[in-house]
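Undergrad: Before we start, here is the structure in question, set down as structure tokens.
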């Protein structure tokens, strides 16, 4: 019983605490939320031409981005990276290439908090042969004042996608001409996506080429979220104030997206559905596996208890016969054996809880490189499970004991 309860305790503790651990591990697969200007939802494409509302901006403001770390679930924000795509002409042949402006590893602050933002956090699968470019200064007054020389002196390095680098026969350390600018190629990027055929540059360079200081096309956000359930999919506008507060204070992807829209003016935030759904599916399967292992351990414990109790009653059949011969009722005999089984279950459950807690900590360290928190409320739960499994395993053997014929038992014929 102690062994079974130890395994069950460890599996239940991991299944209840594994959500954040797995979500952090899955953040290695990149951003799961995207923020873009709300006018993009109103755009209509006619014959390849985007028709947008007149007078509305189609960019987010870079100066609004630090407010992402000011939302209710700011501690769940692993990182974010702005993107601003620009079509540029490259080389003497004036070849049309997509240039993507972004942060690489930029130091930012919001209030008293200092943090780092950039693709190194939201796109960790990007591999660079060479070195990462530096980011431009983050002082908005410099950009608004049009201090172009100061900004672009820090934006003289770019990454070249490996496909484009092969086509242009360029390597890390070479130079590339973009319009009237001669820029250094600090590294060759391998992303497995469209970026392999593009140039990735500091955000300030893309803003300068586009003549849109402080503009951002969209923002990728990597956040630790709770898997969606039916409550998460409800429209907060239809909720009562109590339910809305509960939804708002739960780390669902939908509630974090709602808070991002509140933090960034004129924006719309959505889940990257494939990422969010896959995370929920993986988490559900792992939790299901943990609970299945706990049930298997408890079933094995129940069978072992049944066999042990059957052997014990067989060895003590003379005592049972003598008690019945002296007038003991079936209820008294049943109570005696169940009390003994319950006491053994209490001690076995307590010992199993201790060993299970240690096992959960070790599994957390080995698998997730972090500590699994075993909640104190788990102790009465596993004790109750131990008593239930022990009594269920003992029931069949005790039932046979009360049907012993005392005459046959005392004569030794049974």
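Undergrad: For residue 181, are the conditions met, namely being out of contact with any strand residue (DSSP E or B) (no Cβ under 7 Å at 6 or more places or on another chain) and at pLDDT below 90?
TA: yes
Undergrad: Moving on to the next point. Looking at (1) farther than 24 Å from residue 305 by Cβ; (2) buried (at least 20 other Cβ atoms within 10 Å of the Cβ), find the lone condition where residue 385 falls short.
TA: (1)
Undergrad: Still on this model: I'd like to know if segment 359-367 contains one or more residues that are modelled with pLDDT of 85 or more, touching a helix residue (DSSP H, G or I) at 6+ places or on another chain (Cβ under 6 Å) and crowded, with 17+ Cβ neighbours inside 10 Å.
TA: yes
Undergrad: Got a sec? Which of 252, 220 is modelled with pLDDT under 90 and surrounded by 18 or more Cβ atoms within 10 Å (Cβ to Cβ)?
TA: Only one candidate qualifies: 252.
Undergrad: Among (1) under 30 Å from residue 85 (Cα atoms); (2) assigned to a helix (DSSP H, G or I), there is one condition residue 270 misses while meeting the rest; what is its number?
TA: All conditions are met except number (2).
Undergrad: Additional query: Could you check, for segment 88-100, whether at least one of its residues is under 18 Å from residue 222 (Cβ atoms), surrounded by 14 or more Cβ atoms within 10 Å (Cβ to Cβ) and modelled with pLDDT of 90 or more? If you could, list the steps in order and put the result at the bottom.
TA: Of all residues in segment 88-100, those under 18 Å from residue 222 (Cβ atoms) come to 100.
Checking the rest, the ones that are also surrounded by 14 or more Cβ atoms within 10 Å (Cβ to Cβ) come to 100.
Okay, now just the ones that are also modelled with pLDDT of 90 or more, so 100.
Checked segment 88-100: at least one residue is under 18 Å from residue 222 (Cβ atoms), surrounded by 14 or more Cβ atoms within 10 Å (Cβ to Cβ) and modelled with pLDDT of 90 or more.
Undergrad: Given the criteria more than 30 Å from residue 7 (Cβ to Cβ) and touching a residue at least 12 places away in the same chain (Cβ under 8 Å), does residue 224 qualify?
TA: no
Undergrad: Now for a different question. Can you confirm whether segment 225-246 contains a residue that is modelled with pLDDT of 80 or more, surrounded by 20 or more Cβ atoms within 10 Å (Cβ to Cβ), part of a loop (DSSP other than H, G, I, E, B) and in contact with a helix residue (DSSP H, G or I) (Cβ under 8 Å, 6 or more places away or on another chain)?
TA: Yes - at least one qualifying residue is present in segment 225-246.
Undergrad: So, one more: Is at least one residue of segment 329-348 at pLDDT below 85 and within 24 Å of residue 10 (Cβ to Cβ)?
TA: no
The values are calculated or read from the model by the stated rules, or taken from the named source; none is laboratory data. Note that the coordinates shown come from a computational prediction; the quantities given were computed from them, not determined experimentally. As a convention, Cβ positions derive from the backbone with ideal geometry for all residues, glycine included, and neighbour counts pool all protein chains shown.
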